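Before any comments, here is the structure.
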C-alpha cells in the first residue's frame with residue numbers, strides 16, 4: 001500500500017496524467033460527436049460558438065429554450081481546458097479552483113444534452129470531451145492535495 005501511495009503522491013505522475021487527459025481533450029475535437037448531424041468536435045464547437053456571436057438572436061432563442069443559455073459556458077470551459085496543464089504546472093495553490101470550475105463546466109453539457117444522451121444520439125467525441133473535462137478536474141484537485149501535503153512538510 002505504501003508503494004502505491006508513493007507513486008500517486010509524485011507530482012510528475014499528476015502532471016503526466018494531466019498531459020494525457022489534455023491529449024484526450026484535443027483528440028475529442030477530431031472525433032464525431034452527433035449521429036444525425038455527422039459533425040466532428042471542432043465543427044460542433046464552432047456551431048455553438050457561432051450561435052452566441054449574435055447576442056440579439058441568441059437572446060430570442062434563449063427565451064424559447066432556456067437551456068441554450070448554458071451554451072455560453074462551453075467557450076470558457078474549453079479555454080480552461082486549453083490552459084489547464086500550464087495552470088497545474090505553474091499554479092499549484094489555485095488548481096483546486098480550476099478543478100471546481102471544470103466540474104461545473106463538465107456538468108453543463110450533461111444537463112444541456114441530457115435528452116440526446118438518453119436517446120443515444122451522441123457519439124464518442126462528446127463522451128471523450130466531457131470525460132476529459134472531469135478527469136482534468138480530478139487532476140486539479142489531486143494537484144492541490146499534493147501541494148497542501150508538500151506545504152505541510154515544510
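Every number here is computed from the coordinates shown, using simple stated rules; none is lab data. Remember, predicted model here, so these are calculated numbers, not experimental data. No Cβ is skipped: glycine too gets one built from the backbone with ideal geometry, and neighbour counts run over all protein chains shown.
For the chain, the longest principal axis of the Cα atoms and the long axis of helix 41-52 meet at an angle of about 60 degrees.
Note on residue 121 and residue 30: the extension gain reaches 31.0 nm, defined as 0.36 nm multiplied by sequence separation minus the Cα-Cα distance.
Quick note on the chain: its Rg to Rh ratio, both from C-alpha atoms and Rh being the Kirkwood radius, is 1.05. What is region 15-154's relative contact order, in percent, from Cα pairs under 8 angstrom and six or more apart in sequence? Computed over region 15-154, the figure is 38 percent. Placing a pseudo-label 7 Å from each Cα along the Cα-to-Cβ vector at residue 97 and residue 15 gives an inter-label distance of 2.1 nm.
As a proxy for reagent exposure, 67, 62 were ordered by neighbouring Cβ count within 10 angstrom, fewest first; the result is 67, 62.
The helix-based estimate of mean residue ellipticity at 222 nm for the chain, built from -39,500 (n - 2.57) per DSSP H run of four or more residues and divided by its residue count, is -25000 deg cm²/dmol to the nearest 500. Counting only alpha carbon atoms, the long axis of helix 73-90 and the longest principal axis of the chain meet at about 20°. In plain terms, the chain from residue 90 to residue 57 could stretch by 7.9 nm, reckoned as 0.36 nm per residue minus the Cα-Cα distance. A Stokes-Einstein calculation at 20 °C with viscosity 1.002 mPa s, built on the Kirkwood radius of region 34-114 over Cα pairs, returns a diffusion coefficient of 151 µm²/s. Taking the longest Cα principal axis of the chain as reference, the axis of helix 11-28 is set at about 20 degrees.
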